[in-house]
Amino acid sequence: MITLTTVAATGLFSYSWLMIALPALAAAILLVFGRILDASGHWLAVAAVAASFVVALVLFIQLLGADPEARSVAVPLYEWIHTPSWTIAAGLQIDQLSILFALLITGVGGVIHVYSVGYMAHDERRRRFFAYLNLFIAAMLTLVLADNYLVLFVGWEGVGLASYLLIGFWQHKPSAAAAAKKAFVMNRVGDLGMTFAVMAMLALFGSSAFADVNAGAAKLDPFWATAIGLFLLLGACGKSAQVPLQAWLLDAMEGPTPVSALIHAATMVTAGVYLVVRSHAIFEAAPIAATAVVIVGTVTLLVGAWIGTSKDDIKKVLAGSTMSQIGYMMLAAGIGPAGYAFAIFHLLTHGFFKANMFLGAGSVMHAMDDDVNMRNYGALAKVMRVTFLTFAAGYLAIIGFPGFAGYFSKDHIIEAAFDLNVWVGLCALIGAGITAFYMTRLMLMTFFGEKRWQPGVHPHESPWVMTVPLIILAFFSVIGGVLMNFWIQDWLEPATGAHVHEVSLVPSLIGWATLAVVAAGIAIAWFVFGGTKKIPATAPASRNFFTVMGRNDLFGDAVNDTLVVAPTMAASRGLVAADRTLWDGAANGLGVLTSGVSDRLRRLQNGQVRSYALTMTAGVVLVGLVVVLVQLG
Amino acid sequence: MSPDNYVYLAAILFTIGAIGVMVRRNALVAFMSVELMLNAANLVMVAFALARGGLDGQVATFFVMVVAAAEVVVGLSIIIVIYRTRRSTSMDAASLLKL
């Protein structure tokens, strides 16, 4: 194993902050200069992300050429916080892991930017949209390039802010505003775990730098290692929409489709996986926390797939699928050194094919007058040739069709899961089958069968700014797996301490089993939705337990409402009542008392000089009496 | 010498003045009663000054006289103004200064 050493930044590496600064600057310019940039601002945003991508690519090539020992470069920026107890330096860490993320974020993010130029062409707030997109990219890059947890947390919160702004971008829709709030609040719950973790690190290690935390993790008290691990997991659950903090992801579909693509493929939900892999030293020191990660991942991969099977909204199917796929990544990250590289591998391939399919769904919606109901689609394969073919590439990638990207990355995870525990492996295997089922269902309902279009809808292929990104992403959905299959484990070994497994192109026994399960999933979907089967215009009523649960997102909202929202509301109502009766009562009572007494006293001021004289005399006599009495006493 | 008799006289004068202020309606008479009270106080001070052989009380009397003179100037002019507008010097009638 190669030991992890960090070399000081020289040459081009000292400019790596440009990756973050360029999109941030572009976002600022777009917001500050206002309407002047309405006509051209989006190209500025695209250029900023493209420039970031070029910087990332150049650095990546430099790292490729460097010795494996010299592939982790520290770029100190400045001293951020200086107190007697702690000194926190803001810095960047360019290593094998962060550069891959930077490439994914700027690459896929850039493609999504280009696509958005077409998708948002008729939106009068397009400039603002691009400003937020750039902010998103800058925040996510801060998150992955940071060299300590506190700077990471800045990016972490920036991502939360940007997602809030973008999910609620169509703020005139109450549902979008509510979805944005929901995402923000649920993310705060996760952030609580994150802050606890960072505070614990500062208290235990006196530093939040990755290097110090990794070095100290092995010697850590098991209780604290577990605590930090669970706190980090809570943070990861919030950002990555893992059970139990999954409910915001489906509502987040209220945002414009490119936002969904950005959140689900390049940014945001990948942050949780990144966090777990980056904190591998903590999780290796805390087997309980690692097991918790595996459980969360396994549960989420099944829950997400379950939801995906029963939605008619094309974006919600994809959202459920994202949850499910992120669940696979979490599962892999929880397995330990054997799984880290596979988690990142799947994250990258997922970034390609999920962005591809979300943008494809956006293209379909664009053609169908923003209708998202798949029951109103059908027979689009011929009308939208490019969208169909690119979507098909993403589809084959996600179900794990041999040779496509997802085949490699997902199979590795399933095999690693079987190595860990047969039951976890079986869950992952079943998840693959369900994935095949709901994705096939989506394909059949959207692109095949009869035309079920609403009157007045005339589907058409999207303009080139939208199809070119689709083609690029489809290309990587096809070759992304082969490209990285034999390389990524070696590459990531120093950064994650991953154990290199032998991989081959020929499926193992489990690989064959996976293929069989996937084929079964496709067959069932074909049997139900394929061929000339009628698809009713509204979802048929059902009392089937699985259907009802799936359609209601496994009652995630209801659970949240009963467990959290209702008690909170009751408590706040109680507080309001207490405020009105107790505190307001006391304050108002005091006022009433004072004014009543004053009213009586006022009568003494009658304007009669002689009565004043009488009062005064009486007063003097009284004082005199008191004096005399005191003297006598 | 014993100041007793002076003090008795002053007490009588003061009481007459105080009762005058409280009982009489006419502003001029009330005013005179006030002067009576002031002078009763003066008398006490002078008497005690004499008894103690100091000058403090006598000096203080001068201050009281000066203040009384100034007060008379202001007070009388107010009474005159009130008389001009209301054709009366009754204090009960002039009771507008209230809430």
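Against the main long axis of the alpha-carbon atoms of chain A, helix A:385-399 sits at an angle near 80°.
So what's the net charge close to residue A:381: Lys and Arg +1, Asp and Glu -1, counting the other residues with Cβ under 13 Å from its Cβ?
Numbers: positive: A:382, A:385, A:451; negative: A:450, A:461.
Spelling it out: positives minus negatives among the neighbours equals +1.
Residue A:392 sits among other residues whose Cβ lies under 14 Å from its own Cβ, and their net charge, with Lys and Arg +1 and Asp and Glu -1, is +2. Residues A:326, A:472, arranged from fewest to most other Cβ atoms within 10 angstrom of their Cβ, appear as A:472, A:326. Here A:18, A:359 are placed in order of increasing Cβ neighbour count within 10 Å, fewest first, which gives A:18, A:359.
A DSSP coil position with no more than 13 other Cβ atoms inside 10 Å describes the following trypsin sites (Lys or Arg not before Pro) in the stretch B:51-99: B:87, B:98.
For residue A:617, what is the net charge nearby, where nearby means another residue's Cβ is under 15 Å from its Cβ and Lys, Arg count +1, Asp, Glu -1? That sum, taken over residues with Cβ under 15 Å, equals +2. Between 0 and 90 degrees, the angle of helix A:609-632 with respect to the longest Cα principal axis of chain A falls at about 80 degrees. Over the stretch A:146-213, the fraction of Cα-Cα pairs per 10 Å bin, rounded to whole percents and listed from the shortest bin up, is 21, 39, 23, 13, 4. Cross-link reach is defined here as a Cα-Cα straight distance under 27 Å, omitting same-chain residues fewer than 8 places apart; for residue A:534 the lysines meeting it are A:311, A:315, A:316, A:382, A:451. By the beta-carbon count within 10 Å of each Cβ, the least crowded to most crowded order of A:57, A:232, A:135, fewest first, is A:57, A:135, A:232.
The trypsin sites (Lys or Arg not before Pro) found in the stretch A:286-386 that occupy coil by DSSP, while having at most 14 further C-beta atoms within 10 Å, are A:382.
Scaled against 2.2 N^0.38 Å for its residue count N, the alpha carbon radius of gyration of chain A is 1.20. Against chain A, whose longest principal axis comes from its Cα atoms, helix A:584-602 is set at around 20 degrees. Most tightly packed first, judged by the mean number of other beta-carbon atoms within 10 Å of their residues, the peptides A:242-248, B:60-66 read A:242-248, B:60-66.
For the stretch A:97-176, the list of trypsin sites (Lys or Arg not before Pro) that fall in a loop by DSSP and count at most 14 other C-beta atoms within 10 angstrom reads A:125.
With a Cα-only, solvent-free Debye model of the stretch B:4-86, what are the log10 I(q)/I(0) values at q = 0.11, 0.14, 0.15, 0.25 Å⁻¹? So the normalised log intensities are -0.36, -0.54, -0.61, -1.14. The equivalent ellipsoid that matches the C-alpha gyration tensor of the stretch A:473-554 spans semi-axes of 39, 17, 15 angstrom, in descending order. Take each residue of peptide B:16-24, count the partner chain Cβ atoms within 10 Å of its Cβ, and average: the result is 3.
Annotation: peptides A:27-40, A:282-295, A:404-417, A:620-633, ranked by per-residue average of other Cβ atoms within 10 Å with the highest first, follow the order A:404-417, A:282-295, A:27-40, A:620-633.
Based on alpha-carbon centroids, what's the gap between the stretch A:81-154 and the stretch A:434-476 in Å, whole number please? Cα centres, the stretch A:81-154 to the stretch A:434-476: 29 Å.
Here is the tail figure for the stretch A:496-611: Cα pairs spaced more than 21 Å apart come to 76 percent of all pairs.
Each residue, residue B:66 and residue A:177, gets one label point 7 Å from its Cα in the Cβ direction; the gap between the two is 7.6 nm.
Computed from the coordinates by the stated procedures, all read-outs in this text should not be read as laboratory data. Small disclaimer: the values here were computed from a predicted structure and weren't measured. In this analysis, Cβ positions are derived from the backbone assuming ideal geometry, glycine residues included, and neighbour counts consider all displayed protein chains.
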